[in-house]
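Notes follow the structure.
The values are calculated or read from the model by the stated rules, or taken from the named source; none is laboratory data. Since this is a predicted model, take the numbers as computed values, not measurements. In this analysis, Cβ positions are derived from the backbone assuming ideal geometry, glycine residues included, and neighbour counts consider all displayed protein chains.
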Amino acid sequence: MPAVSFYLPEDVLKALREEARVRNTSVSRLIRTSVETQLDLEKRKSAKSEFLKAIRSAGLGTWEEAHKERSRESDDRG
């Protein structure tokens, strides 16, 4: 795995070291996991946004129209 170097404020590094100690892991693993989690969150946000755009552009009508249709179907059943 390639290595990456970057600078952190002393207080952030101190907090990372303490958190790594508490979790019984390395600072590198803690940072890597945090970055992976954030990237996954961004992918999920993007996918959700694309899904909502597709739903909105599908011309499915309003919530009120869907509710009215659903209620009508329920009433027809019995």
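Hey, can you tell me all the residues within region 1-19 that are surrounded by 12 or more Cβ atoms within 10 Å (Cβ to Cβ) and part of a helix (DSSP H, G or I)?
Looking only at region 1-19, we keep the residues that are surrounded by 12 or more Cβ atoms within 10 Å (Cβ to Cβ), and these are 8, 13, 15-17, 19.
Within region 1-19, Leu13, Ala15, Leu16, Arg17, Glu19 qualify.
Scan region 20-78 residue by residue and report those that are small (Gly, Ala, Ser) and part of a helix (DSSP H, G or I). Across region 20-78, the qualifying residues are Ala20, Ser28, Ser34, Ser46, Ala47, Ser49, Ala54, Ser57, Ala66, Ser71, Ser74. Based on this model, can you work out whether Arg56 counts as modelled with pLDDT of 90 or more and out of contact with any Asp or Glu (no Cβ under 7 Å at 6 or more places or on another chain)? No, not satisfied.
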